[in-house]
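Colleague: Got a structure for you, written out below as structure tokens; questions coming shortly.
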Amino acid sequence: MSLMRFWFARSSQVTIHEQLVRQVVFGIVSGELEPGRRLPSTRELARRFQIHPNTISAGYRQLEQEGWVELRHGSGVYVHDKKPAAAAPPGPALDRLITGFLRSARELGAPLAEVRARLQHWLSIQPPDHFLVVDPNEHLREILIAEIAQATAFHVRGCAPTALENPDIPAGAFPVVMPSKKDLVQSLVPRETDFLTLKVRSVPASLIGYLPAPPDLLIGIASSWPEFLSSSKTMLVAAGFHPDSLLVRDAREPSWTNGLNSTAAVVCDCVTAPKLPKGVRAIVFDIVAEESLAELRRYRDFLSDTP
């Protein structure tokens with residue numbers, strides 16, 4: 001188990017006590033200090049950094065009061081099993097991130113002037129104003145755009161990977177891709193481009209609200225994305241439905257709605273659902289996992305605070 005590295009700047013306007021608190025909190029939030037980890041003793045830190053023991057003790061007491069650590073008498077200071085319910089203020093958290101970034105820059109041997117220049121370059125770039133779904137299949141793009149737009153209430157567009165060769169397409173965009181297209185898209189955009197690889201919703205998460213179901217029901221499956229049709233059929237058969245009780249309809253075909261009125265329900269994507277015949281019950285299987293949607297909402301909120 002590696003030890004967390006501490007550093008203290010005596011010339012800083014931030015007190016040693018606060019520097020200790022910030023570093024420990026950052027270590028816990030970042031995962032460097034996992035639950036149950038024993039922190040260095042007051043005597044050890046005081047001796048190593050020539051700091052008064054009372055300063056270390058005061059920092060540890062503050063961390064205990066805020067719920068980050070647990071003081072075990074006769075044993076030491078340990079990272080608490082659970083993080084505090086209240087989130088840390090964004091100001092100190094940002095300070096910790098900046099401090100870590102500057103430390104990394106020093107370790108790379110980068111001159112301060114170059115660090116400033118690169119920061120100014122990144123801060124001058126126009127922030128993205130929309131998500132860009134990148135996938136070669138136009139029907140899948142349409143589904144992903146609809147899901148993301150509904151979940152984030154943010155501007156969403158789409159394009160094929162080849163369109164990224166036109167610099168006007170990715171300009172002002174935050175790209176999102178399916179896992180199978182990550183390497184392809186990564187090869188078509190500048191190396192420093194930030195994008196999100198979407199996580200796909202699990203089959204159990206999609207089916208849990210509908211199982212167990214009588215296997216003799218006639219169930220429809222409808223979508224304009226062929227992979228949706230094949231994967232939905234596979235998981236329904238695995239769930240106990242007989243293949244003959246599944247009515248598969250490709251929404252790209254002219255007469256795709258034929259027979260759907262006779263089904264108990266139709267498994268479909270969010271784009272196909274509004275196109276079903278009136279009175280047909282739709283069971284919408286979302287593709288994007290909630291974890292990815294939550295990350296996109298956080299990114300949207302981050303952009304909305306941009307001056």
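Colleague: Restricting to region 67-83, name every residue that is of a type outside the set (S, T, Y) and either in contact (Cβ under 8 Å) with a residue 40 or more places away in the chain or on the phi > 0 side of the Ramachandran plot (or both).
Modeller: The answer is G67, W68, V69, G74, G76, V79, H80, D81, K82, K83.
Residues are listed down the side, and each one gets a yes or a no for (1) touching a Pro at 6+ places or on another chain (Cβ under 8 Å); (2) surrounded by fewer than 18 Cβ atoms within 10 Å (Cβ to Cβ); (3) at pLDDT 90 or above; (4) of a type in the set (K, R):
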{"position": "L211", "(1), (2), (3), (4)": "no, yes, no, no"}
{"position": "G220", "(1), (2), (3), (4)": "no, no, yes, no"}
{"position": "P274", "(1), (2), (3), (4)": "no, yes, yes, no"}
{"position": "R297", "(1), (2), (3), (4)": "no, yes, yes, yes"}
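Colleague: Please go through region 157-171 and give me each residue that is over 20 Å from the mean Cα position of the chain (by Cα) and either crowded, with 16+ Cβ neighbours inside 10 Å or not hydroxyl-bearing (S, T, Y) (or both), ordered by number.
Modeller: Scanning region 157-171 gives C159, A160, P161, A163, L164, E165, N166, P167, D168, I169, P170, A171.
Colleague: Can you name the residue in region 125-165 that is more than 17 Å from T272 (Cβ to Cβ), β-branched (V, I, T) and out of contact with any Gly (no Cβ under 9 Å at 6 or more places or on another chain) and is also modelled with the lowest pLDDT among such residues?
Modeller: I125
Colleague: Among residues belonging to region 172-198 that are part of a loop (DSSP other than H, G, I, E, B) and surrounded by 16 or more Cβ atoms within 10 Å (Cβ to Cβ), point out the one that is farthest from the chain's Cα centre (by Cα).
Modeller: V189
Colleague: Test R191 against the criterion of being in contact (Cβ under 8 Å) with a residue 40 or more places away in the chain and of a type in the set (K, R), and give yes or no.
Modeller: Considered against the rule, which asks whether it is in contact (Cβ under 8 Å) with a residue 40 or more places away in the chain and of a type in the set (K, R), R191 comes out as no.
Colleague: Which members of region 241-278 meet the condition of being part of a loop (DSSP other than H, G, I, E, B), more than 32 Å from the chain's Cα centre (by Cα) and of a type in the set (D, E)?
Modeller: E253
The values are calculated or read from the model by the stated rules, or taken from the named source; none is laboratory data. Since the structure is predicted, the reported quantities are computational estimates derived from the model, not experimental observations. Ideal geometry is used to build each Cβ from the backbone, glycine not excepted, and the neighbour counts take in all protein chains shown.
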